[in-house]
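First up is the structure itself, then whatever we jot down about it.
Every number here is computed from the coordinates shown, using simple stated rules; none is lab data. Quantities reported herein were computed from a predicted structural model and do not represent experimental measurements. Backbone-built Cβ (ideal geometry, glycine too); neighbour counts: all protein chains shown.
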Amino acid sequence: MTDDRTPVDGPFRIHVDAAPVGARLDVSHYLTSVLLNLAAAAEEDGEGLLADLVELAELARSAAHQGSDSHATHERDERAAALLAEVADDGVIPVYGAQVGRLAERLRVIAAPRPVPSQREAGAA
């Protein structure tokens, strides 16, 4: 069974916490899987993966200088999408069945307006 903080327990756990102005989604379980997939890709073809990552970094630097509608930006996005498809299931975290409702409910609870304590209630004199 899940606790309130973990409305999604599989295939990747998602923890949800309140933040001062919203919510914090902890997807570290999913990101660990992505890192393990990157490690496996490096073990299989480390030089190729490193070359892809270096080229991606160069494209990102170029895109930052050339702007959001440049060839470098489009090329960077295509290369990043291809790498995400290879090691991260396109960057999509699946949420199944009742977990969808639990996630929605947890976010609804966090999004509900909360009273702000007055100074006297907060312990001020």
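Anything in the stretch 52-89 that is assigned to a helix (DSSP H, G or I) and polar (S, T, N, Q)? List them, or say none. Step through it out loud before you land on a result.
First, pick out the residues of the stretch 52-89 that are assigned to a helix (DSSP H, G or I): 52-66, 71-87, 89.
Within the stretch 52-89, Ser62, Gln66, Thr73 qualify.
Could you grab the pairs with beta carbons closer than 7 Å, sequence gap of 6+ or different chains, first residue in the stretch 12-24 and over 20 Å from Pro115 (Cα atoms), second one among the polar types (S, T, N, Q) and assigned to a strand (DSSP E or B)?
Here the result reads none, with nothing in the stretch 12-24 linked to a residue that is among the polar types (S, T, N, Q) and assigned to a strand (DSSP E or B).
Could you list, ordered by first residue, the pairs with Cβ atoms under 7 Å in which the first is in the stretch 35-53 and under 26 Å from Phe12 (Cα atoms) and the second is not in a helix (DSSP H, G or I), at least 6 apart or interchain?
Pairs found: Asn37/Ala88.
Does Arg24 satisfy the criteria of being among the basic types (Lys, Arg) and loosely packed, with under 15 Cβ neighbours inside 10 Å?
yes
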